[in-house]
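Just passing along the structure, written as structure tokens.
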Amino acid sequence: MEQRHVGRTGLRVSRIGLGTLTWGRDTDEQEAGEQLRVFHEAGGTLVDTADVYAGGAAEYLLGRLLDTVVPRRDLVLATKAGSVLDPGHRADASRGHLLAALDASLARLGTDHVDLWQLHAYDPGTPLEETLQAVDTAVASGRVRYAGVSNFCGWQLAKAATWQLAAPGTRTRLASTQMEYSLLQRGIEREVLPAALDLGVGVLPSSPLGRGVLTGKYRRGATPADSRGASAHLAPFVAPYLTEPARRVVDAVATAADGLATTPLQIALAWVRDRPGVTAPIVGARTARQLRAALSVEALTLPDEICQALDDVSAPVHRYPDQDWSEL
């Protein structure tokens, strides 16, 4: 698998990442181990998790697989901290919480460092300087190699990245931002993506398949029994993309797949993988078979005409102030 640099850093990762959102909850150890093996054999290196996935069980499960299934040295481990598991989905990016969460993550993962540590969410209740000082402390201690953010809007990303760049050699440059990005969710193109490109921050798209909808499995109102849409706790996650505008995008993806003799999954994943500023989409799979199907996209590059057609059918509405005022 092709390797890419994460932003303007020396960190290199596979251009498809493996997500672990369901590990320890819907994905057991045997299935997770098979997915990790398949991913490694395909040349994949970036494995993404978080301290709150399955209440910490995802990290624990991943830690059990390191060195037993795949050598730790062959992987780029990415985890997140800053989210709090309570009904309000509160963010806590205070120094105390972040550093304690990092120690807990390392213990669950069974390693002395993570390769990429990401702030899971912006915390308006904590001064940003305090949050970023905790990042610098984590890197200086050797427990973290590179740092990034997740779910930061455009101004939040720009402020954080600029603060770190203001003292080169002293503060840790932000390597990445993880955001939802797909043909069904192009919101980051308004401000986040331009900021990331300008600041040299690599984009790690989550849910690149539109929460599974872009695979075409929900076409014509069908909800497969083994899909996320049929799951009690994941159905609300899928529902926002089961709309008429989304259906038109899915139909266009299916048409492109027919024309190129491939699958809607490959079309949708190739589109987001090769967008400007993107380092590596994060793919989560229910089974190793599904993961193999996603990884087979490595051989596919979409023709310009197909990319343009998909851009047109999925284009978000960008008006003032995103366009030149003279064009309005």
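Using heavy-atom solvent-accessible surface (probe 1.4 Å) with all chains present, what is the largest-first order of Asp26, Asp312, Asp304?
Ranking Asp26, Asp312, Asp304 by accessible area, largest first, yields Asp304, Asp312, Asp26.
Roughly what % of DSSP beta bridges within segment 124-217 run antiparallel, to the nearest 5?
Among the beta bridges of segment 124-217, antiparallel pairing accounts for roughly 10 percent.
Under 14 Å from the Cβ of Ala107, count the other residues' Cβ atoms, weight Lys and Arg +1, Asp and Glu -1, and hand me the total.
-1
Based on DSSP H runs of at least 4 residues, each adding -39500 (n - 2.57), what is the mean residue ellipticity at 222 nm of the chain after dividing by all its residues, to the nearest 500 deg cm²/dmol?
Value at 222 nm, helices only: -11000 deg cm²/dmol.
Can you put Tyr122, Tyr181, Tyr320, Tyr241 in order of accessible area, largest first, using a 1.4 Å probe?
Ranked from most to least accessible, the order is Tyr320, Tyr122, Tyr241, Tyr181.
A follow-up question, please. Calculated FRET efficiency, Ala235 and Glu2, Cβ-Cβ r, R0 45 Å, to nearest 0.05?
Here the calculated transfer efficiency is 0.80.
Another one. Under 8 Å for C-alpha pairs, at least 6 residues apart: give me the relative contact order for segment 46-99, rounded to a whole percent.
37 percent
Here's something else I'd like to know. Given a 1.4 Å probe and the protein chains all in place, what does the accessible area of Glu298 round to, in Å² to the nearest 10?
Around 60 Å² of this residue is reachable by solvent.
For segment 3-60, calculate the relative contact order in percent as a whole number, restricting contacts to Cα pairs under 8 Å that are 6 or more residues apart.
About 39 percent, as a whole number.
I'd like the antiparallel share, as a percent to the nearest 5, of DSSP beta bridges with both residues in segment 1-96.
Beta bridges within segment 1-96, antiparallel portion: roughly 35 percent.
Here's a follow-up. For the chain, give the percent of accessible area contributed by carbon and sulfur heavy atoms, probe 1.4 Å, rounded to a whole number.
52 percent
How much area per residue is accessible in the chain when the probe is 1.4 Å and only protein heavy atoms are counted (Å²)?
43 Å²
In the chain, if the dipole is taken from +1 on Lys/Arg beta carbons and -1 on Asp/Glu beta carbons about the Cα centre, which of Ser105, Gly169, Pro205 is farthest to the positive end?
Ser105
Quote the FRET efficiency, to the nearest 0.05, computed for Asp28 versus Thr137 with a Förster distance R0 of 30 Å and r equal to the Cβ-Cβ distance.
FRET efficiency, Asp28 to Thr137: 0.25.
Also, I was wondering about something else. Considering the options Gly259, Tyr181, Ala294, tell which one lies farthest towards the positive end of the dipole of the chain, charges being +1 on Lys and Arg and -1 on Asp and Glu at the Cβ, about the Cα centre.
Result: Ala294.
What does the C-alpha gyration tensor say about the overall shape of segment 5-51? Classify as rounded when a/c is under 1.5, otherwise prolate if a/b is larger than b/c, or oblate.
Because a/c hits 1.5 or more and a/b fails to exceed b/c, segment 5-51 counts as oblate.
Another one. Quick check: from the Cα gyration tensor, does segment 249-291 come out rounded (a/c under 1.5), prolate or oblate?
oblate
Next question, about the same structure. If a/c stays under 1.5 just call it rounded; otherwise compare a/b with b/c (prolate if a/b is bigger, oblate if not). Do that for segment 1-122, with a ≥ b ≥ c from the square roots of the Cα gyration tensor eigenvalues.
Cα axes put segment 1-122 in the oblate bin.
Now a separate question. Nearest-5 percent of antiparallel DSSP beta bridges in the chain?
Rounded to the nearest five, the antiparallel share is 15 percent.
Using Cα pairs closer than 8 Å and at least 6 residues apart in sequence, work out the relative contact order for the chain, in percent.
This gives 18 percent for the chain.
I want to verify a result. In a Gaussian network model of the chain, Cα cutoff 10 Å, which of these has the top mean-square fluctuation: Glu244, Glu189, Glu31?
Ranking Glu244, Glu189, Glu31 by mean-square fluctuation puts Glu244 first.
Separate question: Near Ala195, within a Cβ-to-Cβ distance under 13 Å, what is the net charge of the other residues, with Lys and Arg +1 and Asp and Glu -1?
Neighbourhood net charge equals -2.
Taking every eigenvalue of the Cα gyration tensor of the chain, multiplying by 5 and rooting it, what semi-axes result, largest first, whole Å?
30, 25, 19
Placing +1 at every Lys and Arg Cβ and -1 at every Asp and Glu Cβ, with all other atoms neutral, what dipole size does segment 41-194 have around its Cα centre, in debye to the nearest 20?
Value, rounded to 20: 200 debye.
The values are calculated or read from the model by the stated rules, or taken from the named source; none is laboratory data. It should be emphasised that the depicted structure is a prediction, and the values quoted were computed from it without experimental measurement. Cβ: placed from backbone, ideal geometry, glycine included. Neighbour counts: every protein chain shown. All accessible areas refer to the heavy atoms of the entire protein, side chains included, with ligands and DNA or RNA removed. Shrake-Rupley method; radii C 1.70, N 1.55, O 1.52, S 1.80 Å.
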